[in-house]
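Structure first, then comments.
The values are calculated or read from the model by the stated rules, or taken from the named source; none is laboratory data. Source: prediction; values computed, not measured. Because the Cβ atoms are built from the backbone with ideal geometry, glycine has one as well, and the counts that use them run over all protein chains shown.
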Amino acid sequence: MRLKIIQVGEPALRNPARPLSPEEIKGAPLRQLIEFMRETMQDAPGVGLAAPQVGMPVQLAVMEDRVEYHQSLTPEQLAERERTPVPFHVILNPRLTLLDKDGHAEFLEGCLSFNGFSALVPRARRVRVECFDHTGEPKVIEASGWYARILQHEIDHLHGTLYIDRMHTRSLMTAENLQRHWKDKSIAEIRAALKISE
Ligand code: ZN
């Protein structure tokens with residue numbers, strides 16, 4: 001079943017999500033929600049979906065970055081983004097640590113809850129996430145590049161934060177204008193053209 005993805009302006013996107021109890025993690029309703037969120041994300045399509053985006057205030061996100069999604073990017077763009085496929089998986093009750101000493105990266109990012117727009121968003125290049133998997137087993141994820149970006153974006157949702165809170169505001173653009181003006185530009189060229197100085 002495909003769930004409705006709520007859009008920016010819905011109060012639910014701004015509320016912190018609550019942790020799941022061990023009983024909930026092992027329960028059938030959560031497995032059902034994960035399956036519905038998986039279908040909803042793949043149908044969108046998107047590389048991540050957090051429970052608050054479907055109106056559920058719990059600390060759960062699903063993610064998957066498929067090779068098919070990379071076809072619109074050149075090998076150079078994929079390398080610059082450190083973007084490689086990520087198999088479908090779930091994170092529950094995550095705790096995020098930014099490994100800041102490994103630097104930041106800045107790329108155009110979008111969100112299924114702010115349909116039709118993108119902006120340049122600076123993010124840590126590497127992160128560590130302590131969480132539980134779908135079976136309730138504790139798990140530590142160390143990620144870099146685009147996967148680290150997806151994790152930061154989804155965990156932000158669990159705290160009521162959206163990418164627009166972190167973006168360079170001058171870089172906000174419609175999907176149509178991204179295609180028309182910016183798709184083939186480097187990040188340095190986009191920054192210069194949009195007069196982003198910070
Ligand atoms: Zn999002």
In the set Asp165, Asp156, Asp184, which member is over 22 Å from Phe88 (Cα atoms) and within 12 Å of the ligand (Cβ to nearest atom)?
Asp165
Looking at (1) within 15 Å of the ligand (Cβ to nearest atom); (2) small (Gly, Ala, Ser); (3) farther than 18 Å from Ser186 by Cβ, which is the only condition Gly27 fails?
(1)
Answer yes or no as to whether Ile187 is aliphatic (A, V, I, L, M) and modelled with pLDDT of 95 or more.
no
Matching residues, the stretch 53-66, being of a type outside the set (A, V, I, L, M) and either in contact with a Cys (Cβ under 6 Å, 6 or more places away or on another chain) or within 11 Å of Lys4 (Cα to Cα) (or both)
Gln53, Gly55
Being closer than 24 Å to Ile164 by Cβ and in a helix (DSSP H, G or I) is the filter here; which residues of the stretch 11-56 pass it?
Pro11, Ala12, Leu13, Arg14, Met37, Thr40, Met41, Asp43, Ala51, Pro52, Gln53, Val54
Which of the residues belonging to the stretch 85-99 are touching a helix residue (DSSP H, G or I) at 6+ places or on another chain (Cβ under 9 Å) and closer than 13 Å to Met63 by Cβ?
Pro85, Val86, Phe88, Val90, Ile91, Leu92, Pro94
Among strands (runs of 3 or more DSSP E) completely within the stretch 115-188, the ones holding 1 or more residues that are over 18 Å from Glu82 (Cβ atoms) and under 17 Å from the mean Cα position of the chain (by Cα) are 117-124, 126-132
Check the stretch 57-73 and report whether any residue there is in a loop (DSSP other than H, G, I, E, B), at negative phi, β-branched (Val, Ile, Thr) and surrounded by 15 or more Cβ atoms within 10 Å (Cβ to Cβ).
no
